[in-house]
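Read the structure below first, then the notes.
The values are calculated or read from the model by the stated rules, or taken from the named source; none is laboratory data. Here the structure is a predicted model, which is why all the values come from computation and not from measurement. Glycine also receives a Cβ, built like all others from the backbone with ideal geometry; neighbour counts cover every protein chain displayed. Areas reflect the complete protein model, heavy atoms only, side chains present, ligands, DNA and RNA absent. Shrake-Rupley method; radii C 1.70, N 1.55, O 1.52, S 1.80 Å.
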Amino acid sequence: MSVTGGAGRPGLEKTPTGIHGLDEITGGGLPKGRPTLVCGAAGCGKTLLAMEFLVRGATEFGEPGVFFAFEETAGELAQNVRSLGFDLDALAAQNRVSLEHIRVERTEIEEAGDFDLEGLFIRLGLAIDTVRAKRVVLDTLETLFGGFDNQAILRSELRRLFRWLKDRGVTAVITAERGDGSLTRQGLEEYVSDCVILLDHRVTDQVSTRRLRVVKYRGTAHGTNEYPFLIDESGFSVLPLTSLGLDHPASTERVSTGIPRLDAMLGSGVFRGTSVLLSGTAGTGKSSIAAHLADAACRRGERCLYYSFEESPAQILRNMRSIGLDLGPWVATKQLRFITTRPTLFGLEMHLAAMHKHVREFDPALVVIDPISNFATAGTAGEANAMLLRLVDFLKARGTTAVFVSLTSGGGTLEATEQQISSLIDTWILLRDIELGGERNRGLYVLKSRGTAHSNQIREFVLTDLGVELRDVYVGPEGVLTGSMRAAQEAREQAAAEERKQAIATRRREVERRRAAVEAQIATLRAGFVTDEAELEHLIAAEEAADRQLRDDRAAMARNRRADANEPEPTAPGRPGGAA
C-alpha cells in the first residue's frame, strides 16, 4: 500500500495494520519494510497490539508473519489471544503465522566484547523464509538485552538488528518497556526506530484510561495527539479524535418524535442526523420522551442504540410500559439495543471509544444517551464537554440522529446545561415543572430548532396510558394554566359556554313567541281585510246593479213618454207590430 503526501506528492510506502483508527492516525499504517517501536509500561497492551498487527496481516492482507517471544511460550501466547478471537494454532497450521519462543537466561549470558546477535539473525531468517513472512514481531527487547550494561555494545547491536530487519524488507514491530525519563529502558531504541508508538495506561481519580500517541514517524505526517483506545473481545480499537471535522452532510428528511403534537411544534419532526437535547429537572419526563423517539425509530424499521447510565434495561422496559410504550418487541427483534453501565466504570475517553465501537458495529439510525449529566462524575466539566463535542461530530458525520438527555439541577438556570453543550445542539426541548395552585405539573417548550419555524408556546403535557399527551394551551392572568387551575379554567369556560347556550335558547324561544304573535296578528288583519274586501265587492256589485236598474227605468220611462220620435214604439208582447 502506498500513500501520497500533500499536493499529490508521493509519500512513504506503508503497511496497513488492520487496527481500526490506528491506520487513520498514521496515514495508512506503519512504514513498510521498516521497524516500528511500540513502547509503554507493563499492562498497557504492547503485546496485544503487536499480535493483532501480525494476525490482521495474515488474515486480511495476505501477509504471513513471525512472532518472536522472549518471555512467553507459543502455547501461552495462543491461549492469551484466544479471547480476542485469534486462533493462532489454526494460522500456524496453515503456515500463515509462525510463533517462536527464545529463552534468554541472564545467568547464561557472559558479557564480552565480541557479543553479537548472529544466532538470533539465523533463527529469524529461518522463520521468515519458512512462512515467507512480510511481518515480524519481536517481544520484548528488554529480555534480550537485559543482561548487558555495556552501552556501546547495546547501541551497536540494536543498530545492527534494525538494519538487518530493513535489509530483509520486513515490516517489523518491536516492543519495549518504558524507562525512567525515557521511552525505553535502554533509551536507545527510539532513536534507531523509524516509527515510535507510545502506549499509556493511566489512572486518574481511580478511573483508568488507555491512550496511544505516535511519538515520531519518519518521512510522513501523522497525528500527534493522544488518542484513547480500547482492548476488548474484538481486539484493539483506537479513536482518531483529530480526524473529526465539520464537513458532514445535512439531510432535509424529517423523522417523527413519536408524539404527533410535538412534531407539529417542530414543523413535522426533526431533521435526520441532527442532535436533540432534552433537558430539565428530575421527574419532568425526559426519559419518557426519549423512549418515544426510540419507539418511533423502531416503528420505521430502523435500529436504535440506547445508552442508560442510571437504569437497567428491565427497569426501563417496565417503566415505559406504564405509559403505553412496549419496547420489549423491539429488543426481541434486535432493532433496539440497550447498553447500560455506570459512568465511573472507566474514563470519558474510554466511554467515547466504546461508543464509537458500538455505533460502528450496530449501525443505528438513532442513538439515545440518558443522561449525559452523569459524565461529570467520570471527569471534569471541560473533559465532559470535549468528549460530548467529539461524540456529536462523530454521530453527525455518520448521519445518525442523536438524543441527549440532560438533568438540570433545581437551583440552576434552566436555559443552560451543566455540560455547556447547548451551542452544539440542533434542537433543544426544555422540560420544566410548572407550579400553580399548589401543584407541580409538566410543561415543555422548544428553546431552539435550527432550520425550523418552531412553536414558541409553553405546552403542558401529561403521561397517560397511551403515552405522552400534549394539552391545549390555556393562559390566564398568571400565565400558562396547568393542573387543577387549568381544570377550573376549563370548568369556568364550560359553564360560561353553557350559560351562553341557555341565553341563546331563551332568546330563541322569545323570538319564536313574538313570531307566533305577529303571525297571529297578521292573520287577524288579513281576515279583516278579506271581510272588508268582500263587503266592498258586495257594495260595488249592488251599486252596479242599482245603476243598471236606474238606466233601465229611465229608458223605459223615455219610451213611455216618446221622448225620442225616431225611436220605434215597442211591440206589445204577443202582438204583431203595425198601426193601431
Pairs K134/K357; K46/K216; K134/K216; K286/K448; K357/K448; K32/K166: which are spaced more than 21 Å apart, C-alpha to C-alpha? K134/K357; K134/K216; K357/K448
Can you give me the accessible area per residue for region 242-371, using a 1.4 Å probe, in Å²? 40
Per the 1/(1 + (r/R0)^6) rule, R0 = 35 Å and r from the Cβ atoms of R132 and Y191, FRET efficiency to 0.05 is 0.70
Quick one: grab the alpha carbon gyration tensor of region 320-418, order the square roots of its eigenvalues as a ≥ b ≥ c, and give me rounded if a/c is under 1.5, else prolate or oblate depending on whether a/b is larger than b/c. oblate
If you count only protein heavy atoms and use a 1.4 Å probe, how large is the accessible surface of T17, to the nearest 10 Å²? 0
How far, in nm, would the chain grow between A487 and A555 when pulled straight, counting 0.36 nm per residue and subtracting the alpha carbon separation? 14.6 nm
The distance between the Cα centres of region 334-412 and region 57-94, in whole Å, is 35
Under Karplus coefficients 6.51, -1.76 and 1.60, residue-wise ³J(HN,Hα) of region 327-332 in Hz, glycine/proline x: 8, x, x, 5, 5, 5
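If K396, K134 are ordered by their accessible area, calculated over protein heavy atoms with a 1.4 Å probe, which sequence runs from highest to lowest?
Of K396, K134, the descending order of accessible area is K134, K396.
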On full extension of the chain, what length is gained from S83 through R513, given 0.36 nm per residue of separation minus the C-alpha to C-alpha distance? 145.2 nm
Rounded to the nearest 10 Å², what accessible area does S268 have for a 1.4 Å probe in the complete protein model? 90
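Tell me, what does the Kirkwood hydrodynamic radius of region 279-372 come to in angstroms if you use every pair of distinct C-alpha atoms?
After inverting the pairwise mean of 1/r, the radius is 13.7 Å.
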